[in-house]
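Here is the structure we will look at, set down as structure tokens.
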Amino acid sequence: MITIKGNAFRLDTGNTSYLFKITSFGHLEHLYYGARLAGYEAASGLSQKRTVPMGCTILYDSSDELYCLDNLYLEWSDIGRGDYRQSPTELKMPDGNFTSDFVYYSHNVLSGSVSIKSLPCAYNADQTLVVTLKDKCHNIFLDLYFTVFEKTDVITRRAVLTNKGDGLLSVRRIMSLSLDLPDEDFRLLTLDGGWIKEAHLHERPVQYGITVNSSTTGNSSSRHNPGFMLAEADATQDTGHVYGFNLVYSGNHYSLVEKSGRDIVRVQTGINPHCFDWNISPGECFETPEAVMTSSERGFNGMSHNMHSFINEHIVRSHWKNRERPVLLNNWEAHFFDFDENRLLELAADAKNLGVELFVLDDGWFGERSSDKSGLGDYWVNPKKFPGGMKAFVQKIKALGLNFGLWFEPEMINPDSDLYRSHPEYAVTIYGRTPAMGRNQLVLDLCRPEVREYIVKNVGALLDEAGIDYVKWDMNRNMAEGCSPVFNNQGEFYHRYIIGLYEVLSRIFGARPHILLESCSSGGNRFDLGMLCFSPQVWSSDDTDPVERLKIQTGLSYLYPPSTMGAHVSQSPNQQTLRRTPLSTRFNTACFGCLGYELDLKRLSQEEKEDIAEQIAFYKQYRKILQYGTFYRIKTYKSNKVVWQSLSQDRTTALTGFFQLLSTAAESDDKLIIADLKAGLYSVKNRPRRLYLKSFGELLMHLLPKEHKSDGSVFGAVEADPAIADCIQEFECSNRALAKGIPLPTQFSGSGYNENVRLYGDFGSDMYIARLKNAET
Ligand code: GLA
């Protein structure tokens, strides 16, 4: 709800309030952002109380010796009038100066969201406040948008700069959000990494000066995700004040946190000013992407819950919004480029038998693409691999009872392709320079209308002709040498590319909302809210090792819900790390996301196949909770444990993934914590899991129910009967005891074995299911 009283604006969501006011000189002073305030707080109480002038400051106006922009908490600020902190803009004004001074002009309250012409944004808001500022000397206007999403405790912000003068306005920097907060001894948390190690959580104290979280690769990048958090020093998963920020944008992003000498913490996020230079001609405007912010007093989990609901309700759209996502099998790690129709059909038939719902054909089906050296750009189906064409192949897959998905990398071109031979000008290169290559490919120039047309027409035609249900949209190299002949000012390239990408995506998938789009960029190189406006799920990482995934999915879970994370079970030893892990742990990790399998099923034993069939049946039973339930990172007191929980909306069913990293000798007692259940008595049990006896080596002679000789016949027996069930656990407990944590059975420690010993070793795990038995009256 938006309330305006006098010169003060108040924005309320269910649990938060955000206040600012117009100062006597027309600037916007930030007053408050945090837990919801009762009644109407007088702005005078929240406003800064300056009583004496500070030394060494520049006065904004000599009529007021206390008014100094550098000391104010501001919603926006300028260069040149005494605020020496980072300005959200760097504008070369029509008179050639860098000084601007935007002050209050008017405001307007609108119902709902206001869409952005060139970019995707959140939808179905409650209200939007637009405060228009005008530069004191030029006819340049700045609209600041504040959009309120009450139920999810999110407020978004963005800016539109309009040139109503008659000279050229050059924009070198314009942020979507600038906000000054009082320091709470903040920690800054970011998600950083790279290929196969995306979204690792890092934190550092906010210190004096500027810390930047940004990308310059042309995409939002796995180096630094655009989302970040500010947490008061002693915030925990469940307590304390945490702010979350994100940006609805897939290109070069930039965020900063700057602590000033007066302990004011400035937060900004927007398009990266790196190589950015945009001209606004008279009569034109520039729209920034939308920045997202939330505040929670319920620690990191509370902040995440706001972000998760916001994404599920206001970012993800299409037919797939809030719908259960299919269990898929992707053939990439099974075949790479080495397949034909028969191999694929064999894999698909096995997948169907295990309960898979969607068969995804990855790279290598088109053009002359038998390796990553050629073929990108050519959308014709390779007749050697598919003699009857794609449609006939898809019909065979559908006849098995499976839906069908296809991989594309539409933004790229190999020099060794028909497309490049006929249209070398479609690639992003600089005349006279040897192009910088990545994975043997160049980027297609999406700033060119004819390139966008080529992609929309060719991808769209195949989707319709073959009846495709799912698309994996990949993007496997960073940009370099960004330039396009479409415009003279090359400072516009990176942003115009992203506008072009969004146009292509909305033309292809807006017209086909039934298609489930999964975006991918060498794994999670483009895991951002911009892509999520088009693709309800994103391939989180090329790393399918569950131990690595614990880090990756934990990191992502701070700002993105499980329904957005593609997560697959693959072979062991893992193809990225060579680590060996139990099949149960691979599943227990992947099931806290959109589950898929990515392995050659024919290499599995009968036992393993049965295991997978049971996993898929279990996932289908609890899929709604695992994809859309309330997700918790449960505190652990041991550094070798990771615990995740998903809670049903009615809080009567919880699924808990209890993971052990490296085992320790004589591991001390473990306890199971289940948070936030509705009051009552619960039955708790673990999902039965098989232990494959080969992993026990010679020790298996002590574990097997019958006696075996160690002369080789043991291994014959192991082949025939290779798995036993691990410790079955079943308890009855109240929600209160579970919130505190109940003891789990002892782990194996070399001193004996019976069926009540938990056999974890390195990377063992359990999945616990808690269900309400009797509600408390
Ligand atoms: C990228 C993707 C993989 C796979 C390959 C195919 O690396 O991240 O999942 O699709 O491309 O070339």
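The values are calculated or read from the model by the stated rules, or taken from the named source; none is laboratory data. Predicted model only: the values in this text are computed from it and were never measured. Every residue, glycine as well, gets a Cβ built from its backbone with ideal geometry; the counts of neighbours run over all protein chains shown. All accessible areas refer to the heavy atoms of the entire protein, side chains included, with ligands and DNA or RNA removed. Shrake-Rupley method; radii C 1.70, N 1.55, O 1.52, S 1.80 Å.
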Legend entry - Simple spin-label estimate for Lys49 and Asp600 in nanometres, 7 Å along Cα-Cβ: 7.5
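Can you tell me the length gained on complete extension of the stretch Leu110 to Phe487, counting 0.36 nm per residue apart and subtracting the Cα distance?
Between Leu110 and Phe487, full extension yields 132.2 nm more.
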Inset, instruction - Rounded to whole Å and ordered largest first, report the semi-axes of the equivalent ellipsoid of region 318-628 derived from its Cα gyration tensor (root of 5λ). - result: 32, 22, 18
Legend entry - In Å², nearest 10: area of Phe98 left accessible to a 1.4 Å probe: 80
Legend entry - Local electrostatic count at Arg687 - Lys and Arg +1, Asp and Glu -1, tallied over other residues with Cβ under 12 Å: -2
Legend entry - For the chain, share of DSSP beta bridges that run antiparallel, in % to the nearest 5: 80
Legend entry - Unit charges at the beta carbon, dipole of the chain: most positive-side option, Gly244, Ala723, Ala334: Ala723
Legend entry - Residue-normalised accessible area of the chain, given per residue in Å² at a 1.4 Å probe: 37
Inset, instruction - Could you check the simple spin-label distance between Gln649 and Val130, using points 7 Å along Cα→Cβ, in nm with one decimal? - result: 3.4
Inset, instruction - Under 12 Å from the Cβ of Lys136, count the other residues' Cβ atoms, weight Lys and Arg +1, Asp and Glu -1, and hand me the total. - result: -2
Inset, instruction - Please give the calculated 222 nm ellipticity per residue for the chain, where each DSSP H segment of at least 4 residues contributes -39500 (n - 2.57) and the sum is spread over every residue; nearest 500 deg cm²/dmol? - result: -5500 deg cm²/dmol
Legend entry - Compactness of region 2-315 - radius of gyration and Dmax, Cα, Å: 18.6, 59
Inset, instruction - Pull out the extension gain between Ala42 and Asn640, defined as 0.36 nm times the separation in residues minus the alpha carbon to alpha carbon distance; nm, one decimal. - result: 210.3 nm
Legend entry - Computed E for Thr211/Ala665 - FRET, C-beta separation, R0 51 angstrom, nearest 0.05: 0.80
Legend entry - Accessible-area order (highest first, 1.4 angstrom probe) of the listed residues Ser24, Ser519: Ser24, Ser519
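In µm²/s, what is D for region 279-337 at 4 °C and 1.567 mPa s, where D = kT/(6 pi eta Rh) by Stokes-Einstein and Rh is the Kirkwood radius from Cα pairs?
80
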Inset, instruction - Could you pull the accessible area for Phe731 with a 1.4 Å probe, rounded to 10 Å²? - result: 50
Inset, instruction - Would you compute the Debye intensity of region 647-698 from its alpha-carbon atoms alone, equal scatterers and no solvent, and pass along log10 I(q)/I(0) at q = 0.14, 0.19, 0.29 Å⁻¹ to two decimals? - result: -0.59, -0.89, -1.29
Inset, instruction - Using every pair of alpha-carbon atoms in the chain, split the distances into 20 Å bins beginning at 0 and state the percent of pairs per bin, rounded to integers. - result: 16, 45, 31, 8, 1
Legend entry - Surface accessible to a 1.4 Å probe, Cys56 within the full protein complex, Å²: 140
Legend entry - Of all accessible heavy-atom area on the chain, the percent that carbon and sulfur account for (1.4 Å): 50
Legend entry - Of Lys551/Lys624; Lys321/Lys385; Lys197/Lys740; Lys117/Lys620; Lys117/Lys259, those spanning more than 29 Å from alpha-carbon to alpha-carbon: Lys321/Lys385; Lys197/Lys740; Lys117/Lys620; Lys117/Lys259
Inset, instruction - Against the globular-protein guess of 2.2 N^0.38 Å, express the Cα radius of gyration of region 600-680 as a ratio, rounded to two decimals. - result: 1.36
Inset, instruction - Pop a pseudo-label 7 angstrom from the Cα along the beta-carbon direction at both Ser63 and Glu698 and give the gap in nm to one decimal. - result: 9.3
Legend entry - Sum of side-chain charges, Pro226 neighbourhood, beta-carbon under 15 Å (Lys, Arg +1; Asp, Glu -1): 0
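Between Lys457 and Tyr753, what FRET efficiency comes out of the Förster formula 1/(1 + (r/R0)^6) with R0 = 60 Å and r the beta carbon distance, rounded to 0.05? Mind showing how you got there, number by number?
Values: r = 64 Å, r/R0 = 1.07.
Once rounded, the FRET efficiency stands at 0.40.
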Inset, instruction - Please give the length that would be gained between Asn440 and Arg580 if that part of the chain were fully extended, namely 0.36 nm times their separation in residues minus their C-alpha to C-alpha distance (nm, one decimal). - result: 47.2 nm
Inset, instruction - Report the one residue of Ser17, Ile79, Ser47 whose Cα lies farthest in the direction of the positive end of the charge dipole of region 16-97 (charges on C-beta: Lys and Arg +1, Asp and Glu -1; origin at the Cα centre). - result: Ser17
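So how strong a dipole does the chain carry about its Cα centre when Lys and Arg Cβ are +1 and Asp and Glu Cβ are -1, to the nearest 20 debye?
Values: 81 positive and 95 negative charges, 199 e Å.
Computed charge dipole of the chain: roughly 960 debye.
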